[in-house]
1. Just to check your reading of the model, which residue among L196, L212, L173 is surrounded by 14 or more Cβ atoms within 10 Å (Cβ to Cβ) and not charged (D, E, K, R)?
2. Given the criteria among the charged types (D, E, K, R), at pLDDT 80 or above and within 30 Å of K20 (Cβ to Cβ), does R239 qualify?
3. Sort out which residues of segment 46-60 are open to solvent by less than 50 Å² (accessible area, probe 1.4 Å), touching a Leu at 6+ places or on another chain (Cβ under 6 Å) and either modelled with pLDDT under 90 or part of a loop (DSSP other than H, G, I, E, B) (or both), and write them in order of number.
4. For segment 91-102, what are the residues that are in a loop (DSSP other than H, G, I, E, B), surrounded by 13 or more Cβ atoms within 10 Å (Cβ to Cβ) and not aromatic (F, W, Y)?
5. Residue under question is K118, and the condition is that it be in a helix (DSSP H, G or I), under 30 Å from I85 (Cβ atoms) and among the basic types (K, R); does it hold?
6. Go through (1) touching a strand residue (DSSP E or B) at 6+ places or on another chain (Cβ under 9 Å); (2) under 30 Å from K62 (Cα atoms); (3) open to solvent by 60 Å² or more (accessible area, probe 1.4 Å); (4) not charged (D, E, K, R) one by one and return the number of the condition N105 breaks.
7. With respect to S148, determine if the residue is part of a helix (DSSP H, G or I), without any contact (Cβ under 8 Å) to a residue 12 or more places away in the chain and open to solvent by less than 60 Å² (accessible area, probe 1.4 Å).
8. Report the residue count in segment 6-45 for those that are aromatic (F, W, Y), surrounded by 13 or more Cβ atoms within 10 Å (Cβ to Cβ) and either more than 28 Å from P95 (Cβ to Cβ) or touching a Lys or Arg at 6+ places or on another chain (Cβ under 8 Å) (or both).
Amino acid sequence: QNQRYDDEISLIDLAATFVKRRRIFYAVFLACILAGIAYAFVTEETYQYTSLIQIAEKGGEKFLEPPATTIATLESRWLPEQEVIYRSENDAKLPFTTKFANPENTGLIRLTSESSSKYAEDVKSVHQYLIEQVQQRHKGLLEREKRSLESRMRSIDQSIEALKSGQDTGQALAEAFDRKTRLQSDLEALKSTETLVLARQSADKTGPARSLIVVLAALLGLIGGVFLAFFTEFIIAVRSQLGADTE
């Protein structure tokens, strides 16, 4: 059994309402399109700037400091220090963020920042500062490791001299020379932190393309215009009903 209610709205009624309020739709749609175009051309183009360093090694694919420890120090100490310095010099917040990553199973640390080209020198300055802090820290660790190896080699040399004057010390001498050879190899394997790339600008721009911004603005205008057209009709109908009830 088919039933018809007084508040039913047909597709014809919806179409008629939309046509009656089409000027509201046009106004909203055009406003969104113009706003999207203005935003697309006013917004500055951004690029990704990348720096890459190889942290200090002590041979055998071992590092003087785990990459995770170096990254934690960068995030919690040296980067905040640079942010404070920039704020004190420019009376403004650092206009970009910097992230750190360690590619798996490597001693590489990657620094990445997204910024407009006008802040390229600031990005380079911040990356240079952070890299210098890593280099200074690892230089100290490298010198300490070097002194430790040299001290152990001197101790072995003394043991060798003492063994030379003894009897039946051939095996002990061979083991001492073997230990000294390994220490000498470890000493030669020490490598300092190396800067591979400094604030290299990406070839492609980051962020949404201007055409995408305009398309999204058009979509927003389409949805918003249709909604506002029907909502306006709804408000007018409610006011009309309230006026009739009052009379």
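The values are calculated or read from the model by the stated rules, or taken from the named source; none is laboratory data. Note that the structure is a prediction, hence the values are computed from the model and not measured. So basically every Cβ, Gly included, is an ideal-geometry build from the backbone, and we count neighbours across all protein chains shown. Heads up: the accessible areas ignore ligands, DNA and RNA and are worked out on the full protein's heavy atoms, side chains in. Shrake-Rupley method; radii C 1.70, N 1.55, O 1.52, S 1.80 Å.
1. On the way: L196 fails: surrounded by 14 or more Cβ atoms within 10 Å (Cβ to Cβ); L212 fails: surrounded by 14 or more Cβ atoms within 10 Å (Cβ to Cβ).
Checking each option against the conditions leaves just L173.
2. Working: among the charged types (D, E, K, R): yes; at pLDDT 80 or above: yes; within 30 Å of K20 (Cβ to Cβ): yes.
It is true that R239 is among the charged types (D, E, K, R), at pLDDT 80 or above and within 30 Å of K20 (Cβ to Cβ).
3. Hit for segment 46-60 is A56, nothing else.
4. Kept after step one, since they are in a loop (DSSP other than H, G, I, E, B), are these residues of segment 91-102: 91-97, 102.
The next check asks that each one be surrounded by 13 or more Cβ atoms within 10 Å (Cβ to Cβ); those that pass are 94-96, 102.
Answer for segment 91-102, where residues must be in a loop (DSSP other than H, G, I, E, B), surrounded by 13 or more Cβ atoms within 10 Å (Cβ to Cβ) and not aromatic (F, W, Y): L94, P95, N102.
5. On the way: in a helix (DSSP H, G or I): yes; under 30 Å from I85 (Cβ atoms): yes; among the basic types (K, R): yes.
Against the criterion (in a helix (DSSP H, G or I), under 30 Å from I85 (Cβ atoms) and among the basic types (K, R)), K118 qualifies.
6. (1)
7. On the way: part of a helix (DSSP H, G or I): yes; without any contact (Cβ under 8 Å) to a residue 12 or more places away in the chain: yes; open to solvent by less than 60 Å² (accessible area, probe 1.4 Å): yes.
Yes, satisfied.
8. Applying the first criterion (aromatic (F, W, Y)) to segment 6-45 yields 18, 25-26, 29, 39, 41.
So of that shortlist, the ones also surrounded by 13 or more Cβ atoms within 10 Å (Cβ to Cβ) come out as 18, 25-26, 29, 39.
Applying the additional criterion that residues be either more than 28 Å from P95 (Cβ to Cβ) or touching a Lys or Arg at 6+ places or on another chain (Cβ under 8 Å) (or both) yields 18, 25-26, 29.
The number of residues fulfilling the criteria is 4.
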